[in-house]
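A quick write-up on the structure given underneath.
The values are calculated or read from the model by the stated rules, or taken from the named source; none is laboratory data. Being a predicted model, the structure only gives us computed values, none of them experimental. Using ideal geometry, Cβ is built from the backbone for each residue, glycine included, and neighbour counts are taken over all protein chains shown.
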Amino acid sequence: MSSRGADMTDCNLIRIEPDDRLVVLARTLQVQAPHTEAILAQRVLGDTGLGRMVLGYALYRHCSVFQGSSDAPVWSHIDLTYYRDIVPERAVHEFVLTQQPEGVQLLRAEVLLTTPSSFVMPLGWQGSRGRLDQQASLEYIDVRPADLAAYRDVMRRHVGPTAGKLVASGRFGTFRAMETDAVLFQDPALGTGWNQIHLCEVDAASFRGFGQELDAVPDGDAPEGGFAGVFANLAPMRTIPRWTFNDAVVEADLALAQSLTREAC
């Protein structure tokens, strides 16, 4: 775990790198009834055996589509369960292979790993539910396999470090870029796919995309041409099947940063 930065503001951030082995079980869901949301969280957090292995859990409910190239129907929820090192085999059996609760349809389950220098949280993360101006932006990205290394390098050198400054300023709640390590299940009815998920709490009313947000950072890490040029160069590498704004229904990830060892600044 690395906490990097030359000033005290950056010392209030945690950057979780791939070699820290934070792994995420992400489930894309269609939930029929609101009362089922509590059941989903209780299944993950309430089990005395599996619950002790969980570093954090969050459940998000779809609100609106910000952008997307896919015509596939919009799913209602996604949940993220954070573990150390591996997703336990028992968790895969319980939450992926076993029949879901009544009123819940599992559309996709995958294991995510963190993108280099691009998973940033404030040490004092209190969740977004107290920030009425913020919603969870969930960007589902499909990068061409041949371009994954180049895409990861752009995230590491430019996007992640500058997004971290927006987290430090409070403009973003967190910035969590994750990439698919393995797809455990996908329902053919889902109708689309991706290999990256980016989670970021933003002011949905004023948000116009990451290019404008990152270019507004005075000491950002963009190369010559700014982030407009960065994202223009990324366009041939990727598609964005779906980009949504979401409400945080459950945020039991408040101690996620503190639960892993942090280097002193």
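A compact table of results
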quantity: Filtered residue count, the stretch 216-230, keeping only those that are crowded, with 18+ Cβ neighbours inside 10 Å and either outside any loop (DSSP other than H, G, I, E, B) or out of contact with any helix residue (DSSP H, G or I) (no Cβ under 9 Å at 6 or more places or on another chain) (or both); calculated: 2
quantity: Qualifying positions in the stretch 130-169 - out of contact with any strand residue (DSSP E or B) (no Cβ under 8 Å at 6 or more places or on another chain) and in a loop (DSSP other than H, G, I, E, B); calculated: Gly130, Leu132
quantity: From the options Ser64, Ser128, Ser76, residue that is on the phi < 0 side of the Ramachandran plot, surrounded by 15 or more Cβ atoms within 10 Å (Cβ to Cβ), among the small types (Gly, Ala, Ser) and modelled with pLDDT under 95; calculated: Ser128
quantity: Answer residue from the stretch 231-250, given it is among the β-branched types (Val, Ile, Thr) and within 24 Å of Arg144 (Cα to Cα) and is surrounded by the most Cβ atoms within 10 Å (Cβ to Cβ) among those; calculated: Thr244
quantity: Members of the stretch 97-117 found to be of a type in the set (Val, Ile, Thr) and surrounded by 17 or more Cβ atoms within 10 Å (Cβ to Cβ), listed by number; calculated: Val104, Val111, Thr114, Thr115
quantity: Total residues in the stretch 82-129, condition more than 23 Å from Ile16 (Cβ to Cβ) and part of a loop (DSSP other than H, G, I, E, B); calculated: 6
